[in-house]
Every structure is written in structure tokens, then in C-alpha cells.
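Below is one structure, written out as C-alpha cells, with a few remarks after it.
The values are calculated or read from the model by the stated rules, or taken from the named source; none is laboratory data. Every value quoted in this text rests on a predicted model; they were computed, and no experiment measured them. Virtual Cβ from ideal backbone geometry, glycine too; neighbours counted across all protein chains shown. In case anyone asks, the SASA skips ligands and DNA or RNA and just uses the protein heavy atoms, side chains included. Shrake-Rupley method; radii C 1.70, N 1.55, O 1.52, S 1.80 Å.
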Amino acid sequence: MAATPDAGTVSRYSGVAMMLHWLVAGLILTSLVMIWFVDHYPDAWVRPVIDTHKSIGIVVLGLVLMRLLWRAGHRPPALPRTYGCGERLAAHAAHALLYAVIVLLPVTGWMHDSAWKDAPTHPMSLFWLIPWPRISAIMNQPAAVKESLHTLFFAFHRSLAYVLYALFVLHVGAALKHQFLDKERELERMLPAPRGASRT
Ligand code: HEM
């Protein structure tokens, strides 16, 4: 078990974990903001915006898998002592669910896109640079099957986005509660130490 920190000291995540955390958060937010307003862009923008949404999503998938691998080899800092038993359980459950949703969102988006009837004539690439495959087991289905799958996978993709919004509110709400109501140095756990400060 990771050591429980003394009161007054801050146990921080490693630099790599912090970098991946903020990068994934920023990319997801960018991708969401782009797609939320897709119906309001001029027609010429719609396809490039959706293509960028897909590219960012695939990058997020790669980064979150790296984050999970990193986490397996680098134990996160223990939760502060002041957390009650229920809070500990809730924090671990919310983190596990967040990881699951952040993996499943791009996977269902990729499945939805692979069932798109025009996929064979619109090859996918990451940021117009790197060719990216569709899932052939889905793409090679008969047209009628693909049409139903396209609708079904989009329903999964959209529902998972709602789960993500709920988890995001919980995650940020809990961090702010610990920081400002409980007066714990919660946010610093995921922020680099100021120059000269000792790391715990
Ligand atoms: C972190 C990753 C991702 C997040 C958070 C995300 C989230 C979303 C959201 C919120 C929508 C709008 C749903 C609605 O209209 O209610 C959407 C649409 C869509 N997503 Fe994703 N997505 C991600 C990754 C992907 C990936 C990797 C692909 C494909 C490779 C993809 C393909 C699509 C497509 C094709 C649409 C429909 C766009 C349209 O026609 O309006 N998404 N996504």
C-alpha cells in the first residue's frame, strides 16, 4: 500500500501522470466543444470538424491507454487521511468509471464511423496525415446491417457522452469540495510543485 501522507504535506502524481491527465482533459474538451456546435457551422466546415473530432478521439484513446499502463507501474499517491471510508470508495469507483468511459467513448465512435455507409469512399486519416483503419468486421457487413449498427453505435456513443458529463461534474465537484470546503490541498496533487518546493 502507498504510504499515507502526513498532514501538511502534499503527495503529488508523477510528472508523466499529470501531463497525461491534463492533455487528455484538454483534448476531450476541445473535441466536445467542436462537436456540440457542429450544426451551426457553415456547410464547408462540417466534414473537416467531424474528421478532426475523430482524429482527436483516436489520440485520446492512445493517451488514455498509455495513462493506464503508466498507472499500472507507478502507483498513484495515497488519498489524504482526512477522506472517510465512503469518500475513498466513491473516489476509486469514480476514477475507474472515468477510465472505462474515456476508453469506450472513442471505441464506440470508431465503431459508429466504421458502420458509416460512405466509409469505403471516405478513408479515415489522423489529421489528414496518418491513414487510420476502419474496423473491417463492421465495415464489411451488408448495407442493411451496417445501417442498424450505425444507429446503434451512435446511441452508445451519445449515451456514454452523457455518462462522461455526469462523472465530470462529480469529479470536479469533489476536487473543489476538498480544496475549498475541507481546506485540503487537493488540487496541488495534480499540479507541478513550485520551484524549490520539496516533492513528497
Ligand atoms: C474522447 C473521445 C470522444 C468523445 C468525448 C466523443 C463525444 C462525442 C459527442 C458528445 C458527440 C455528439 C453526440 C450527439 O450528437 O449527441 C459525438 C459525435 C460523433 N462522434 Fe465522437 N467522441 C469521441 C471520439 C470519437 C471517435 C474516436 C470517433 C471516430 C473515429 C467519433 C466519431 C463521431 C461521429 C462520426 C459523430 C457524429 C458527428 C455528426 O455526424 O454529427 N468520436 N462524439
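Summary table below
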item	result
Cross-chain or 6+ apart pairs with Cβ under 8 Å, the stretch 101-117 first and of a type in the set (Phe, Trp, Tyr), then more than 6 Å from the ligand (Cβ to nearest atom)	TRP110/LEU61; TRP110/ARG134; TRP110/ILE135; TRP116/HIS122; TRP116/LYS146; TRP116/HIS150
The stretch 123-139, residues that are at negative phi and surrounded by 12 or more Cβ atoms within 10 Å (Cβ to Cβ)	MET124, SER125, LEU126, TRP132, ARG134, ILE135, ILE138, MET139
Cβ-Cβ under 7 Å pairs, at least 6 apart or on other chains, the stretch 119-143 side closer than 12 Å to ASP51 by Cβ and of a type in the set (A, V, I, L, M), far side open to solvent by 70 Å² or more (accessible area, probe 1.4 Å) and assigned to a strand (DSSP E or B)	MET124/TRP132; LEU126/TRP132
Any hit, the stretch 124-144, residues being within 12 Å of the ligand (Cβ to nearest atom), in a helix (DSSP H, G or I), under 28 Å from HIS21 (Cβ atoms) and in contact with a Lys or Arg (Cβ under 7 Å, 6 or more places away or on another chain)	no
Subset of the stretch 34-47 (residues that are open to solvent by less than 100 Å² (accessible area, probe 1.4 Å) and within 10 Å of the ligand (Cβ to nearest atom))	MET34, ILE35, VAL38, VAL46, ARG47
Residue selected from the stretch 48-78 under the condition within 11 Å of the ligand (Cβ to nearest atom) and among the charged types (D, E, K, R), by the criterion farthest from the chain's Cα centre (by Cα)	ASP51
Search result, residues across the stretch 145-157 that are over 18 Å from PRO120 (Cα atoms) and more than 10 Å from the ligand (Cβ to nearest atom)	LEU152, PHE156
Enumeration of residues in the stretch 167-183 that are in a helix (DSSP H, G or I) and surrounded by fewer than 12 Cβ atoms within 10 Å (Cβ to Cβ)	VAL169, VAL172, GLY173, PHE180, LEU181
Of all residues making up the stretch 79-122, the number that are part of a helix (DSSP H, G or I), more than 13 Å from the ligand (Cβ to nearest atom) and among the hydroxyl-bearing types (Ser, Thr, Tyr)	1
